[in-house]
Ligand code: AMP
C-alpha cells in the first residue's frame, strides 16, 4: 500500500470546517458540544436515561473497558481501551475540563473541529465522542495505534534505513500538505505526535494546538510548538507566523529519523538558537530579511558562524537529500519549502526509493515498554521533561491569550478549503 496521495484522500465536504452548530454547543457546555461533535463523528445520540429532557446523552464511556493509561498530552490523558460490543482496541482521550468555567476549552473545540472535518490516511481517525457519568467528562475515541514514534525511536539501538525514513517522511508530508490545503496549521509536530501502525502507516495526532490560519498576515499565540521542533521565527517571538512553522518541524523530524537522535535538543530558547546557528550558519538580515524586526531579535546574541555543516553532519545522505533538508530548515519562512513542493522533491524518486508501508519493519508495541530501552531511557526522559515543560507553558499562554481563546474558535466564515489558485503556487 502506497501512502494515498493527499489530493485523493477523502474529506467529508458536508461539514463546514467552522461548524457553527458545534460552536454554539461549545458555549452551552461540554456534553452539549460533545453531542454536536458526535453527530458529526458518527455517534447516535440517545435519550436521557433519567427521563429529564436535557442535554443529548451519547454512547456512554461504560461501553469501553479501559485497559491502561498509554499517554498524556497537553490537553488530555490517553487510555488504551476495548469496545465491549465489537472487541476492537481503541484509544480513549479524556478531555481536561478542570477549571473551565466557560464550557468546553477552546483547545478541545478546535481539536474536535479539525478531527471532524479532516480525514486522511495519515491523520489519526476520530471514531466517536462519548461521555462519562459526570456532565463534564468527555472522551474522544480514536483508532488505536500501537506505536508512538517518540518512544519507538528512543528505544531503537540504530536508526531506520534510509528507504524507511523516506517512507515515513513522505507520509508525514502528505498529512501536513492535506492540513495546509484546508487552512489548518498543526503547531505541534513532533515525534511523540506521530503514531505508527503495524501496517507501516504513520498517523499525525494531537490537534490541541491546531488552528485555522488566514491567507493574509495575522497574529497568533507566540511560543507554540514543542521546543526541539520550534521554528526560529517562533523562537524569536514572531506572532504573525505562517504554516511554514510546521515544515521546520518536519525538517527536524527528517534529521532525527536519519540519525536516531534529536537534531536540536536545546533546553532553552537561547540554546536552541545557538544549536541552529552552529549547524546551519547564523541567520542575518541578508539571508532572512525582516529577522531583525522580530520581537526577540535583540534578546539573543547569536554566534558569528558563517558555515552550513549539514553535508558534514549527514555524510551518507545524497545531495538531493541534503538539499531537501536544507530547504525544510531554511531560516526565512518565506523561502522555506512547502509541504506540496517537498512531496515533489527528487529525493523521493531517487534510490533508495521510499519503502512501501507494508514492508516497513514491525516492533513490539511502544506503549507496552515502560520507557525507552537499550540504554536510551535517559534520552526518553529528557524528551518527556521537555514536552511536559512545553505543555505547562502552552496551557498558561492559552489561558492568557485572547486571540487563541476566541480568535477562530467559534466560527469564521472565511476559513474554508484553500483556493486552488493559491495551492498551485506551491
Ligand atoms: P495526545 O494528547 O494526542 O498528544 O496523546 C498523548 C500520547 O498518547 C501520544 O504521544 C501517544 O503516545 C498516545 N496516543 C495518543 N493517541 C493515540 C492513539 N490513537 N493510539 C495510541 N496511542 C495514542
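For segment 41-59, the criterion of a residue being surrounded by fewer than 23 Cβ atoms within 10 Å (Cβ to Cβ), within 16 Å of the ligand (Cβ to nearest atom) and modelled with pLDDT of 85 or more is satisfied by no position.
Cβ-Cβ distances below 8 Å connect the following pairs, each with a first residue in segment 70-82 that is without any contact (Cβ under 8 Å) to a residue 12 or more places away in the chain, a second residue that is near the ligand (Cβ under 6 Å from one of its atoms) and part of a strand (DSSP E or B), and a separation of six or more residues or different chains: 72/78.
Comparison of 194, 112, 172 shows that the only residue that is surrounded by 24 or more Cβ atoms within 10 Å (Cβ to Cβ), in contact with a strand residue (DSSP E or B) (Cβ under 8 Å, 6 or more places away or on another chain) and free of Cβ contacts under 8 Å to residues at least 60 places away in the same chain is 194. Checking 109, 176, 165 one by one, the residue that is within 16 Å of the ligand (Cβ to nearest atom) and touching a helix residue (DSSP H, G or I) at 6+ places or on another chain (Cβ under 8 Å) is 109 and no other.
Only one residue in 335, 299 is farther than 27 Å from residue 165 by Cα and either outside any helix (DSSP H, G or I) or not assigned by TED's automatic domain parsing to the domain that holds residue 164 (or both), so which one is that? Residue meeting the stated conditions: 299. For segment 198-229, filtered to residues that are near the ligand (Cβ under 9 Å from one of its atoms) and assigned to a loop (DSSP other than H, G, I, E, B), the residue that is farthest from residue 339 (Cα to Cα) is 208. Within 16 Å of the ligand (Cβ to nearest atom) and in a strand (DSSP E or B): does that describe residue 151? So residue 151 does not fit the description; no. Restricting 335, 299 to residues that are within 25 Å of the chain's Cα centre (by Cα) and surrounded by fewer than 15 Cβ atoms within 10 Å (Cβ to Cβ) narrows the list to 335. The set of residues from segment 134-146 being more than 8 Å from the ligand (Cβ to nearest atom) and in contact (Cβ under 8 Å) with a residue 24 or more places away in the chain comprises 135, 136, 137, 138, 139, 140, 141.
Scoring residue 97 on the criteria (1) within 12 Å of the ligand (Cβ to nearest atom); (2) assigned to a loop (DSSP other than H, G, I, E, B) leaves a single failure, condition (1). Taking the criterion of being under 20 Å from residue 107 (Cβ atoms) and within 11 Å of the ligand (Cβ to nearest atom), the residues of segment 179-193 that qualify are 188, 190, 192, 193. Tell me which of these residue 246 doesn't satisfy, since it passes every other one: (1) assigned to a helix (DSSP H, G or I); (2) more than 16 Å from the ligand (Cβ to nearest atom). Condition (2) is where residue 246 drops out. Candidates are the residues of segment 115-130 that are under 11 Å from residue 205 (Cα atoms) and not in a strand (DSSP E or B); the one that is farthest from the ligand (Cβ to nearest atom) is 122. Regarding residue 68, is this residue within 12 Å of the ligand (Cβ to nearest atom), in a strand (DSSP E or B), under 17 Å from residue 208 (Cα atoms) and touching a strand residue (DSSP E or B) at 6+ places or on another chain (Cβ under 6 Å)? So residue 68 fails the test.
The values are calculated or read from the model by the stated rules, or taken from the named source; none is laboratory data. Source: prediction; values computed, not measured. Positions of Cβ are generated from backbone atoms using ideal geometry, with glycine treated the same way; all protein chains shown enter the neighbour counts.
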